[in-house]
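The structure is given below, and queries will be raised subsequently.
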Amino acid sequence: MKLFPRSGDPPLPLDPSAAPPGEAPEIMPAPRQRPRWLRWTARGLTAFVLFFILLVGWLALTAPLSKSLEPIAPPEITLLASDGTPIARMGAIVEAPVRVRELPRHVTGAFLAIEDRRFYTHWGIDPRSILRAAWSNLTTGRTQGGSTITQQLAKFTFLSPKQTLGRKAREALIAFWLEAWLTKDEILERYLSNAYFGDNSYGLRAASLHYFHRQPEKLTPAQAAMLAGLVKAPSRLAPTRNFGLAEERMRLVLAAMAKEGYLSEREAKNLRAPSVDVRTRNDLPTGTYFADWVLPKARKLSDVGYSRRTIRTTLDARLQAAARRAVSRTALGKAQVALVAMRPNGEVVAMVGGRNYAASPFNRATQARRQPGSTFKLFVYLAALRGGWRPDDEIDNRPIETGSYRPKNAGGTYSDTITLERAFASSSNVAAVRLFQKVGSEKVIKAARSLGVTAPLPEGDPSLALGTSSMTLLELTAAYAAVAAGSYPVVPRAFKAEERGWLYRFVFGPSRFGSREHKDMEQLLRAAINRGTGRAAMLAAPNFGKTGTTQDNRDALFVGYANGLVVGVWIGNDDNSPLAGVSGGGVPARIWRDFMVNATGERAKPRPAQNPRGPVEPQDLPEIPDIPALPIGERTHVGVEGGEAVISTEIGGSRIDLRLPVGGDPPADDTPPPR
């Protein structure tokens, strides 16, 4: 039975049984329903409100209010050498934030008059300004902005500069959000402290000090008006670049200030353009090879804020100068050069990434990945020593005539067998490849990884033994630093290592070489520099190192250590073209020795005296056995004749000649043959 008839239905029949006894049955009227359009409107409004709430919540999570306190560019950072000498300055010029209550009325008034005259009355968006800007754009064809100060703060602290409808919508929503959480003075303070004023200056205080050398609390009306005028186009209107345009814009600001009552019209007309007073600070480079490498690390150390930061690095100004001298006085032709010097603990004290930073800021010490050549043999021989081999053990040194990879020794010098020490010193390629195959590529790669090498190293490739996988000079030098330190790995660092407690060092500290393993490795490195391919680097003090020359002389390297310094030197062409007869035992070794002599005051080992046949370079001499004591006279000559070493000296007019048979093969230049 229908109790609620619809409109238009026939009358319901009366059912006496449905009513109480003695009462007539009552028919209930049908309820009125809302129109369909009203129902859809209510649903749409509900969905919009829900969407708006979700959007505001999403903005609250993705655009935190605290970000408005951060400068839009990194703060200025001055890098210091280890002795406190400034070496580079970079980043934006940023000073402390301003406080509205401490600024004169004409300073805040200049910005309000030209940027947002109804700032203290709107809710983040000014519809009148938007309509006025839109009308001006349509009628004059000139683009005019209608953004409020709150919207501008939202734009340059939260959003990208892209001019899209979505960005403008987010800008408006964030402006409402800022207005809800901050007071008007707080918004104005953050706007003035973040705005860009040209010449790499961010914030009113930095701009005031930069252009007029005075604090913003002491700005004159003319100075305030000129600074307020810069915000529209800071790069184009900067008075240091275009004073005429800056003055013209200042006049517009003064007129707006007079209209809003911050100045009288007479005062605005009579004010003269202020003089710019830019006082140059210490003339420091904004970039060097070392500074470019350090900057990302320095920014992580620097707290976000407005104050300038000075950060002390490990760079030694004296050693850096020695590195530049050693590189600059070497005839390199068109080739490039890189040098890295560090302490055994990884503290980088000097870095040269190329011949001229201004001409090419690409850092060949940290960015270029080149083949290390025979300097990679360090890891092959280290893996062998860890596997029980000793420097006096012998290995086959005959030509490799089987297999797909058949390297040859430079100079075509071979022997039936050769000791590991002598093979390392003379940089025998066939001995290194055979040792690599006996030890196994996995153990060689493991040795390289343990010393901090992160570059890709292919397993099972015998050419890896001759350094065919590329890596940076910094990475390679750090691996040699591990040997110098007796512990591994060594991480290159630009800042002093943080002191750790004994428990931390015990649990997380570096691993140490075994005493015999370390002693044997240093025996090989010393043999290479004193009796092998690295003789051009010899010092009077104990020195250790290894030469490296890649295929077709495309890269030439020398890496070694002495007197508490670990130094790597690389020479090559940026286009990877061959060098003109340059090998690791030549120019790189001499640069290394030159730097070490200047850096440590150590004497280079005296070169052999001249002989009638012309100069004899140390790396060109064959290996000579121990020479018995011989009195050295006024004139001494050393040479090689008929397979014998000849030493002649004159004492009191008498000449003494000593002839000794040459022991072994002449040291090779360690250049690998073509594959």
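Considering ARG603, ARG593, ARG613, which residue is charged (D, E, K, R), buried (at least 21 other Cβ atoms within 10 Å of the Cβ) and either in contact with a Leu (Cβ under 7 Å, 6 or more places away or on another chain) or at pLDDT below 95 (or both)?
ARG593
For every residue, the table says whether it meets (1) among the hydroxyl-bearing types (Ser, Thr, Tyr); (2) under 23 Å from GLU475 (Cβ atoms).
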residue: THR402; (1), (2): yes, no
residue: THR413; (1), (2): yes, no
residue: THR417; (1), (2): yes, no
residue: LEU420; (1), (2): no, no
residue: LYS438; (1), (2): no, no
residue: LYS443; (1), (2): no, yes
residue: SER450; (1), (2): yes, yes
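Just the residues that are of a type in the set (Lys, Arg) and part of a loop (DSSP other than H, G, I, E, B), please, taken from region 215-251.
Passing the criteria: LYS232, ARG241.
Here are ARG364, ARG329: which of them is within 23 Å of GLY545 (Cα to Cα) and in contact with a strand residue (DSSP E or B) (Cβ under 6 Å, 6 or more places away or on another chain)?
Numbers: ARG329 fails: in contact with a strand residue (DSSP E or B) (Cβ under 6 Å, 6 or more places away or on another chain).
Just a single option satisfies the conditions, and that option is ARG364.
Sticking with this structure for a sec: Pick out the one residue from ARG89, ARG117 that is under 18 Å from ILE187 (Cα atoms) and of a type in the set (D, E, K, R).
None of the others qualify; the one that does is ARG117.
Of everything in region 388-428 that's part of a helix (DSSP H, G or I) and within 41 Å of the chain's Cα centre (by Cα), which residue is farthest from SER515 (Cα to Cα)?
Looking only at region 388-428, we keep the residues that are part of a helix (DSSP H, G or I), and these are 410-412, 420-426.
In the following step, the residues that additionally are within 41 Å of the chain's Cα centre (by Cα) were identified as 410, 420-426.
Values: ALA410: 33, LEU420: 18, GLU421: 18, ARG422: 21, ALA423: 22, PHE424: 20, ALA425: 21, SER426: 25 Å.
In this case the residue turns out to be ALA410.
Hey, among THR310, THR366, THR314, which residue is more than 30 Å from SER426 (Cβ to Cβ), out of contact with any helix residue (DSSP H, G or I) (no Cβ under 7 Å at 6 or more places or on another chain) and surrounded by 20 or more Cβ atoms within 10 Å (Cβ to Cβ)?
Selected residue: THR314, the only one of THR310, THR366, THR314 that is more than 30 Å from SER426 (Cβ to Cβ), out of contact with any helix residue (DSSP H, G or I) (no Cβ under 7 Å at 6 or more places or on another chain) and surrounded by 20 or more Cβ atoms within 10 Å (Cβ to Cβ).
Search region 400-412 for residues being more than 18 Å from GLN437 (Cβ to Cβ) and out of contact with any strand residue (DSSP E or B) (no Cβ under 9 Å at 6 or more places or on another chain), and hand back the single one that is surrounded by the fewest Cβ atoms within 10 Å (Cβ to Cβ).
In this case the residue turns out to be GLY412.
Taking the criterion of being of a type outside the set (S, T, N, Q), crowded, with 17+ Cβ neighbours inside 10 Å and at positive phi, would at least one residue in region 413-435 satisfy it?
no
Those residues that are in contact with a strand residue (DSSP E or B) (Cβ under 6 Å, 6 or more places away or on another chain) and either of a type in the set (Ser, Thr, Tyr) or in a loop (DSSP other than H, G, I, E, B) (or both), I need them from region 555-573; list them, please.
Of everything in region 555-573, just one residue is in contact with a strand residue (DSSP E or B) (Cβ under 6 Å, 6 or more places away or on another chain) and either of a type in the set (Ser, Thr, Tyr) or in a loop (DSSP other than H, G, I, E, B) (or both), namely TYR561.
A further question on this structure: Considering ALA432, ALA384, ALA455, which residue is under 23 Å from GLY585 (Cα atoms), in the same structural domain as VAL490 (by TED's automatic domain parsing) and within 41 Å of the chain's Cα centre (by Cα)?
ALA432
Shifting gears a bit: Working only within region 429-471, note down all residues that are touching a residue at least 60 places away in the same chain (Cβ under 8 Å) and farther than 24 Å from PHE513 by Cα.
If the condition is that a residue be touching a residue at least 60 places away in the same chain (Cβ under 8 Å) and farther than 24 Å from PHE513 by Cα, then ASN429, SER463, THR468, SER469, SER470 are the ones that fit.
If the requirement is being out of contact with any Gly (no Cβ under 6 Å at 6 or more places or on another chain) and modelled with pLDDT of 95 or more, which of these qualifies: PRO86, PRO104, PRO97?
Residue meeting the stated conditions: PRO104.
The values are calculated or read from the model by the stated rules, or taken from the named source; none is laboratory data. This structure is a prediction, so every number in the text was calculated from the model and none was measured. With ideal geometry, Cβ positions are generated from the backbone for all residues, glycine too; neighbour counts draw on all protein chains shown.
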